[in-house]
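The values are calculated or read from the model by the stated rules, or taken from the named source; none is laboratory data. Only a predicted model underlies this, so the values are computations on that prediction, with no experimental measurement involved. We place every Cβ from the backbone using ideal geometry, glycine too, and count neighbours over all the protein chains shown.
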C-alpha cells in the first residue's frame, strides 16, 4: 500500500525514424510483378519520396520504444475530468478486427453488407433507448462532429419553420467545442452564467431567450460534475419561445438507467462512444459521436441513414429535408462495432451499475480529498468533481505543479484549468472501472503531494522528476514552430 | 460484470465515507420527476463467449471473406497491410491513451505524430501537415473554409470530379453560412475543364482532386495557372494516397492547401471507417490550419521533446473564434499510417505505387479485349472508367454473390449521363490470374 507505484522504469532513447535509416532497407514484402511494367509520362512522375529506409525489426523496435514513453488506461489510473477514461475491453478489439468487419468495402451494396447494416441499425435502436430519444445517426466521427451535426439539425429546423435565428445560448461551463460548433452554423454564442451553486437557473436563461435565439446547448451533468436540476423548466421556456435544446452527452456516463435526456426536454443530443461506451481514445481518436433526436427532428438527420424494411436492412440516401452528408461513408464503423459489443456485454443492469459506480467513485474522492484540496462547490457530485489550488496558493504551488507531481507518483493527472469558471481547476473523473484500492492509492498520492506542498515545495516545482522528459518549453514551441523533421 | 471491480464490501465502505446510505441515493441530487421510471430495454447481457458466437453469426451475412477480390475503389482501397503494423498499433500504450495533454508521459504519441506530420509533408510536398482529421471529405471541407475565410469571399469553385461524397460533405458544411459552391464541369478527356472557371467571377479558391474520381491524373499545372488568373487559393485533394508514391506532389505544382484520405496507408477498409483525414498547407497558412499540431522543443534540462503547439487556433482556447470545432481527430490511424509509411520506406512506396498502376493498366487492356470501351483518353493511376458491353450488369451482380468478385462501381448513380459506365480499380493485391478469372466470367 505504501510502496509508490511511480518509478522511472527502463526507458530507452530512440532517435527519429530518419536518423535510423540505412539505404537499401525495406520493411514490407513487395509482391512480385506478374504483368508488364507501364511507365507514366515523365512530366507526371516525381523523384523518389524521401522516406526513411528501415527493416521490419527496425520499425518494430522504434514503435515499441515509443509506446513505452506513453501512459494509457492500461498503464494506470487516468482520471481526466470530462474525458471518461474507462477501461477499453479487449474482446471489442477482437470483434472489430474480424475479417468480415475489417475487410468490408463500403460500396458493396445492401445485399452484400446485411450484417454490417444490422449492427448499425441495432446500435441506433439501443442508443435511442438509452437516451430516451426517437432516432439515431451513427455517422458523426467524433463528439465535436456530432455537435456540428446536431447544430446543423437545429439550423435546418428553424429554416423549415420559415425563419432562421441568429443566436444560441451557451453556459460558461461548456466545452469549447460548443461555441465553435455554433459558429460553423452561423450562430452567435450568447454566454449564460451558472449560479453560485454551479448550475443554470431558469431566470438566467429566460433573460436571454428570445425569438431570435435558436436554442440552448446544455451539458448535463455539467462540467462541474453537477446535475442541472432545472433542466426541465429551462427546456420549457426555451421551447415556449420556439427554440430547441441541444444536449451535450459527453457526460452520459453519469446517468445511464437513471435519466433519459429525451424525457427531460432535450431535443437533440450527441454521445461520445469513446467516452461512455468504452471505445479506446487512441491518443486522440478515432472517436465516434452519434446523434439522437426527437421524432420531430428525424427528417433532418444526415444521409445516408440505415433503416429496416421488413426483414431487410437498407442504406437510404434520399431524404429531402436532411442536413446532408457528414462523412464520406457511414461514420467510424469499426468504432461502432466496439460500442455495440460493449452494450451487448453490459446489458441494461450493467450500464446502470456503470453509472452508479462512476458516481460512487467520484463522490468517494470528493469526500476523501476535500480536507486537503479546496472544493469550490461542496455538494453531491455526479461522475466527476472539481477542486482547485486555493489552499496551496500560500506555498506558491499551482494546480499544474500538483498535476506534474502526480506523474512521479504513477498517476495520470486530472484535467487541469477546466472548466474555466473555476480558477485553477483540478477536475477528477475516476470512472467506474477503477477499484477502491486504486482510488485509495490515488487519494494517498494527492495527500502526499499536498503535504509536500508545505514541506518540500521544490519537489513540486521541478516535477515531474522521473519521467523521460521534464517540463517542456511550450512557449518556445509556439514562438518558433518546428513541425517537421 | 468483469469490467467492474466493485465488491459488495467495497461499495459499503465507500458509501460510508460519502455518507450516502445506498447507491440509489447517490442520485438524490436529481429531482425525482426527472428520473426515468422503467429499466432500460436492452438485450440480455452476453458472456465473452456468447458475444463471439453472436458476432460470428452477424458477420456471416457480410460478403467480405478473404476470397473476395476488389476491382473497385471509389475512395476505399484494398491494399496489403503488414502484420507488424497491426501488431504495433494494438499496443495499448498507444490505443488507450488520451490526447497528449501531459507531454511528459505522452512522448510516444507525440514523437510518432511528429514523424507522421513529417512524412505527410514529404509526400505532399507541403510545408506543414496537421496531426490528422476525420476523413478525406471532412478534411477537404475544412480547407475550403480556410480559403473562404482567408479571401473573405462568398464563392468557391469545386471540380465535378472530386469524389461525389466529398462534394456532398462540402455542401453540408458550407450551407448554413451561405457560401456558394460552383461546380466545374469535366471535359471529354475525363479531366476538370478549367476553361469554364474564366467566367465565374471572384472565387476564394479552386478545389481539384487528382487522381480524380474517374481515376484520371489532373493537369495540376493548369490548375495552378487558373488559380493565379483568379487570385484564388489552390486546393488539391486525393482519395488514393498511394498515388503520391509515383506522381508529382501537389506541392510541386504550387498547391496552397492539400486535403486527402489516408486509408491506403495501412488501414483496413472497415466498411468505410475509421479512415484518416489529411490536411497540409504552406507555411503562410500554418496558423489557419484546423486541429492539432505537434512541435519539437526542449525540456527544462535541455533535452529534446515534443508538445502540442499553436493551440491558440483551437476551440478549447478560442471557443467561438476557433479556426475549427475539431477536438478528437483520428490520431491512432495517423500513427498506423506512420508505421506503414516507415515500413514501406523510400523504395517500397514507389514500387507498390508502380504495381498499382501496372495492375490497373493490365485490367484495362484485358477488359478492352472483351468488348469494354474506354471513354477517356487520359493517364490514370489505379482506377479508370470503362463502358460495359450489353449484359454486364447481370453478370456483375452474380459475380459478387457467387465468387466475391466486386467488378466496378456504377457511375450513373453519380453522373446520370454516364449510363453503363463503370469505375474499375486494381491494386497490388490483384494478381494476373485474378484478372484472368474475372475476364473469363464477363466475356
Query raised in the report: When you go through (1) over 34 Å from the mean Cα position of the chain (by Cα); (2) assigned to a loop (DSSP other than H, G, I, E, B); (3) modelled with pLDDT of 95 or more one by one for residue A:47, which number turns out not to apply?
Result: (3)
Query raised in the report: If you scan segment B:34-52, which residues turn out to be surrounded by 12 or more Cβ atoms within 10 Å (Cβ to Cβ) and more than 7 Å from every other protein chain (Cβ to nearest Cβ)?
Result: B:50, B:52
Requested in this report: All but one of (1) within 7 Å of another protein chain (Cβ to nearest Cβ); (2) at pLDDT below 95 hold for residue B:247, so report the exception by its number.
Outcome: (2)
Report summary line: Taking segment B:4-18 and the residues there that are in contact with a helix residue (DSSP H, G or I) (Cβ under 7 Å, 6 or more places away or on another chain) and assigned to a loop (DSSP other than H, G, I, E, B), the one that is surrounded by the fewest Cβ atoms within 10 Å (Cβ to Cβ) would be B:4
**Report entry** Pick from segment B:293-323, criterion part of a loop (DSSP other than H, G, I, E, B) and more than 7 Å from every other protein chain (Cβ to nearest Cβ), ranking: surrounded by the fewest Cβ atoms within 10 Å (Cβ to Cβ)
**Finding:** B:302
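Look through B:160, B:132, B:210 and report the one residue that is in contact with a helix residue (DSSP H, G or I) (Cβ under 9 Å, 6 or more places away or on another chain), surrounded by fewer than 22 Cβ atoms within 10 Å (Cβ to Cβ) and either in the same structural domain as residue B:88 (by TED's automatic domain parsing) or farther than 26 Å from residue A:144 by Cβ (or both). Before the answer, list the steps.
Working: B:132 fails: surrounded by fewer than 22 Cβ atoms within 10 Å (Cβ to Cβ); B:210 fails: surrounded by fewer than 22 Cβ atoms within 10 Å (Cβ to Cβ).
The conditions single out B:160.
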**Report entry** Answer residue from segment A:50-77, given it is more than 7 Å from chain B (Cβ to nearest Cβ) and within 24 Å of the chain's Cα centre (by Cα) and is surrounded by the fewest Cβ atoms within 10 Å (Cβ to Cβ) among those
**Finding:** A:76
Query - Residue, nearest to residue B:69 (Cα to Cα), within segment A:73-93, restricted to residues that are touching a helix residue (DSSP H, G or I) at 6+ places or on another chain (Cβ under 8 Å) and in a helix (DSSP H, G or I) - result: A:93
Requested in this report: Return the total of residues in segment B:184-206 being touching a strand residue (DSSP E or B) at 6+ places or on another chain (Cβ under 6 Å) and loosely packed, with under 14 Cβ neighbours inside 10 Å.
Outcome: 0
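Restricting the search to segment B:254-270, which residues are within 9 Å of chain A (Cβ to nearest Cβ), in contact with a helix residue (DSSP H, G or I) (Cβ under 6 Å, 6 or more places away or on another chain) and in contact (Cβ under 8 Å) with a residue 40 or more places away in the chain?
Residues satisfying the conditions are B:261, B:268.
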Query - Every residue from segment A:223-244 that is within 14 Å of chain B (Cβ to nearest Cβ) and touching a residue at least 60 places away in the same chain (Cβ under 8 Å) - result: A:223, A:224, A:225, A:226, A:227
Report task. For residue A:460, indicate whether it is more than 8 Å from chain B (Cβ to nearest Cβ) and more than 30 Å from residue A:177 (Cα to Cα). Result -> yes
Query - Pairs where the first residue, in segment B:423-437, is under 12 Å from residue B:80 (Cβ atoms) and the second is assigned to a helix (DSSP H, G or I), C-beta under 7 Å, 6+ apart - result: B:427/B:356; B:427/B:359; B:428/B:352; B:428/B:355; B:428/B:356; B:428/B:359; B:430/B:359
Query raised in the report: Residues in segment A:334-348: is at least one more than 26 Å from the chain's Cα centre (by Cα), in contact (Cβ under 8 Å) with a residue 60 or more places away in the chain and either facing chain B (nearest Cβ under 7 Å) or in a helix (DSSP H, G or I) (or both)?
Result: no
**Report entry** Any chance residue A:43 is touching a strand residue (DSSP E or B) at 6+ places or on another chain (Cβ under 6 Å) and either surrounded by fewer than 16 Cβ atoms within 10 Å (Cβ to Cβ) or outside the structural domain of residue A:446 (by TED's automatic domain parsing) (or both)
**Finding:** no
Requested in this report: Would you check if residue B:402 is in a helix (DSSP H, G or I), free of Cβ contacts under 8 Å to residues at least 12 places away in the same chain and more than 9 Å from chain A (Cβ to nearest Cβ)?
Outcome: yes
Report summary line: Among helices (runs of 4 or more DSSP H) entirely inside segment A:373-469, those with 3 or more residues being out of contact with any strand residue (DSSP E or B) (no Cβ under 8 Å at 6 or more places or on another chain) and buried (at least 22 other Cβ atoms within 10 Å of the Cβ) are A:399-408, A:436-455
Query raised in the report: Does segment A:191-214 contain any residue that is touching a strand residue (DSSP E or B) at 6+ places or on another chain (Cβ under 6 Å) and within 8 Å of chain B (Cβ to nearest Cβ)?
Result: no
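Consider residue B:251 carefully, then state whether it is touching a helix residue (DSSP H, G or I) at 6+ places or on another chain (Cβ under 6 Å), outside any strand (DSSP E or B) and over 23 Å from residue A:183 (Cα atoms).
So residue B:251 passes the test.
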Report summary line: Those residues of segment A:16-28 which are touching a helix residue (DSSP H, G or I) at 6+ places or on another chain (Cβ under 9 Å) and surrounded by fewer than 12 Cβ atoms within 10 Å (Cβ to Cβ) amount to A:22, A:23, A:24
Query - Conditions (1) within 30 Å of residue B:265 (Cβ to Cβ); (2) surrounded by 12 or more Cβ atoms within 10 Å (Cβ to Cβ); (3) free of Cβ contacts under 8 Å to residues at least 12 places away in the same chain; number of the one not met by residue B:31 - result: (1)
